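What follows draws every value from the coordinates through simple rules; no lab data is involved. Computed from a predicted structure; not experimentally measured. Positions of Cβ are generated from backbone atoms using ideal geometry, with glycine treated the same way; all protein chains shown enter the neighbour counts.
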Amino acid sequence: MKVFKKFLKYTTFFLLGIIGYLLVVTLLSYISVNDGLVKSHKEIPIYILTNGVHTDVVLPLKSEHYDWTNQLKTEHTKAKDTTMNYVALGWGDKGFYLETPTWADLKASTALKAASGLSSSAMHVTFYKEMKESKSCKKLQISSNNYKKLILFINESFQTKSGEFLKIETEAVYGKHDVFYEANGSYSLFYTCNSWANQALKAANQKAALWTISDSGIFRHYE
């Protein structure tokens, strides 16, 4: 009987913790920041892109403001297509990226390690020839000054050696136009791939959620 009572007690605490976590996550994602800062010069087009779960920040691959081809090589992809014009950047848990191509492949050990914040991270880079606006792809126009801040944030997310991004040698890519690089930081219940994208928008003084772990927490501020 005592064992059952303890089990019931701990189960109740666990469930209340999950409910509290989900409630806080949801409420904070509705609070918008930087609403008053986005009325600056609109010089450079960028995009936010979601696949329904994960948010990428999409930038011009090459422009007068910054040339990503010095670090991000289309030659690193299977297609090796040098005619690409945009690069989508996403940060996330390395185990999820490389070991979980679909939800059916998700292992409990991978999920627990990611949630704990003890695993390493990776940058997922995808090249595009063109971008089309839709519900899952929002276009933003930002100033050159804010673009520089965004570039700085993204560059600091990559691990480097002698100034070079560290490509991950793997066949676990999602298509012919993507590649993985080693990243800084750790994924956790409190800082996800979408939290990173949200922080990138904050760094660029763009509209964002106060805090979010979901793509919807970002996109609701651009409806």
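Observations
- For the range 70-83, 3J(HN,Hα) per residue [Karplus equation, 6.51 cos²θ - 1.76 cosθ + 1.60, θ = phi - 60°, Hz, x = Gly/Pro]: 5, 10, 9, 9, 5, 5, 7, 8, 5, 6, 6, 8, 8, 9
- Global form of the range 31-222, assessed from the alpha-carbon gyration tensor, a/c cut-off 1.5: oblate
- Cα→Cβ-extended label distance, 7 Å offset, between SER162 and SER144, nm: 3.3
- The stretch between GLU75 and SER63, if pulled fully straight at 0.36 nm per residue, gains 2.4 nm over its current Cα-Cα span.
- When each of LYS129/LYS176; LYS94/LYS129; LYS73/LYS132; LYS139/LYS167; LYS80/LYS129 is checked by Cα-Cα distance, pairs over 18 Å: LYS94/LYS129; LYS73/LYS132; LYS139/LYS167
- Among 178-187, 161-170, 146-155, 119-128, the order from most to least packed when residues are scored by Cβ within 10 Å on average: 119-128, 178-187, 146-155, 161-170
- Distant-in-sequence amide H partners of ILE142 (H built 1.01 Å from N, under 5 Å): GLU43, ILE44, ILE46
- With 0.36 nm allotted per residue and the present C-alpha distance subtracted, the LEU189-GLU223 stretch has 9.7 nm of extension available.
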